[in-house]
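Remarks on the structure that follows.
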């Protein structure tokens, strides 16, 4: 038997479904980042967040660096910077802790999220 | 850019402009209403080429197959020929049965359908006075054998359709009904779930139908209805809803207003619907919520209820979009 991947260890699609609303609730409640989500369509945002979580959980995704850049360009213009990315990674970790994920897996998720930092910030 | 052909006129689409906007800019007379993909007044038909999936969102499968689409939501990738569809394909005649004056400038319009009309309580239809003037209204009834549909129509200052209904329309006259549409309705299968229904103004209309439907399906969970208005007179269904709550053990009615008046009875709270909702349930985990009425308020309530713990999939909403023509 092969060693389960990060995505499998976290619980795959079901884990993404469980995590997305908890994560989005944390994001909308956090004054450090919620201004970037003002006025966005919540349902559309949830499906975007699902894509994001699938990627950082190591699951199948079609994200490209260009998508990340284009999708955040307008936010960088509004002041999106490293501190906001740090906050999102922190909230991601808190979400996974709440769902009972292992500390080492959470670190791995943070590593994947960090790998797109420069694209997100259009650097 | 894609080319658009309508009535022998060829028009070039420009970036960001919908088919409806392009046609109106070229002086074409196309019926339309909300311009946001909801009311379906701007339904057109494609006769050559194809339209993106998004332009057919919310339409019946049979209509999609016929090439019907919404001009306001259509940004074609290819050249298309389009026409105004034969209205008999999607509009059916109805006769005014009764008009009942309510308080707060609301009239209850009852229409008798000539044939059986399939819908879910809580959905909306578009009513047509003639080929040019239409407005969308929520159904306040649930399907019954008498084939009568009922709507709550508030008089809008300068509103062409509501003024016509309030000032001119008489029993026995005919109008046309298109639809139904919308996904804010009761789905059987979880009878013990608690329900939270919140409406301001005539946002109450679909909620009345949804409650009837829930009770008809033997719903046993608690059903909390919050009706908010600016003034006391805006609670135009107050006595009926009080009676309903008195006779149904699991139905709870929470009327509230924003403005104090001398005649305000104790049973009506001076509070915003947001505060009343928080008082009813601080953590709506596992609840189902129906939110109808003013778009800004519906958006705020959605966020409030989601953050308080309600799952997004359990939040149904019907923001009443203002007409754009």
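Coordinate-derived values only; no laboratory data. Here the structure is a predicted model, which means the values were calculated and not measured. In this analysis, Cβ positions are derived from the backbone assuming ideal geometry, glycine residues included, and neighbour counts consider all displayed protein chains.
Summary table
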{"read-out": "Fewest-first sequence of A:63, B:186 by Cβ atoms within 10 Å of each Cβ", "value": "A:63, B:186"}
{"read-out": "D (Stokes-Einstein, µm²/s), Kirkwood Cα radius, chain B, 1.567 mPa s at 4 °C", "value": "62"}
{"read-out": "Cα Rg over Rh - region A:9-56, Kirkwood", "value": "0.99"}
{"read-out": "Most mobile of B:164, B:287, B:128 in a GNM of chain B (Cα contacts under 10 Å)", "value": "B:164"}
{"read-out": "Exposure proxy ranking, count of Cβ atoms within 10 Å, fewest first, for B:273, B:198, A:85, B:92", "value": "B:92, A:85, B:273, B:198"}
{"read-out": "Estimated inter-spin distance, residue B:116 and residue B:258, nm [label 7 Å along Cα→Cβ]", "value": "4.4"}
{"read-out": "Size descriptor, Kirkwood hydrodynamic radius, that averages inverse alpha-carbon separations across region B:5-153, Å", "value": "16.8"}
{"read-out": "Average beta-carbon neighbours from other chains, 10 Å sphere, peptide B:301-313", "value": "3"}
{"read-out": "Beta bridges per DSSP with both ends in the protein assembly as shown, % antiparallel, nearest 5", "value": "60"}
{"read-out": "Spin-label zone in region A:15-51 - amide nitrogen under 20 Å from a point set 7 Å from the Cα of residue B:283 along the C-beta vector", "value": "A:18-30"}
{"read-out": "Size descriptor, Kirkwood hydrodynamic radius, that averages inverse alpha-carbon separations across region B:91-181, Å", "value": "13.1"}
{"read-out": "B:223, B:100, A:3 arranged by Cβ crowding within 10 Å, fewest neighbours leading", "value": "A:3, B:100, B:223"}
{"read-out": "Stretch gain in nm, segment residue A:76-residue A:64, where the contour uses 0.36 nm per residue and the Cα spacing is subtracted", "value": "2.5 nm"}
{"read-out": "Relative contact order for region B:91-181, counting Cα pairs under 8 Å that sit 6 or more residues apart, in percent", "value": "39"}
{"read-out": "Highest-fluctuation residue, A:56, A:40, A:27 considered, GNM on chain A with Cα pairs under 10 Å", "value": "A:40"}
{"read-out": "Helix axis angle, A:65-77 relative to chain A longest principal axis, alpha carbon, degrees", "value": "40"}
{"read-out": "Gaussian network model of chain B, springs between alpha carbon atoms under 10 Å - residue of B:52, B:143, B:76 with greatest fluctuation", "value": "B:52"}
{"read-out": "Difference of contour (0.36 nm per residue) and Cα-Cα distance, residue B:217 to residue B:191", "value": "8.6 nm"}
{"read-out": "Separation in nanometres of the label points that stand 7 Å from Cα toward Cβ, at residue B:61 and residue B:83", "value": "2.6"}
{"read-out": "Cα Rg over Rh - chain A, Kirkwood", "value": "0.95"}
{"read-out": "Bridge type composition, region B:3-85 - antiparallel percent by DSSP, nearest 5", "value": "75"}
{"read-out": "Relative contact order [Cα under 8 Å, 6+ residues apart], chain B, whole percent", "value": "14"}
{"read-out": "Region B:234-303: radius of gyration over Cα atoms, expressed as a fraction of 2.2 N^0.38 Å", "value": "1.20"}
{"read-out": "Bridge type composition, chain B - antiparallel percent by DSSP, nearest 5", "value": "60"}
{"read-out": "q = 0.09, 0.14 Å⁻¹: log10 I(q)/I(0) that the Debye formula gives for the protein assembly as shown, counting C-alpha atoms only", "value": "-0.73, -1.33"}
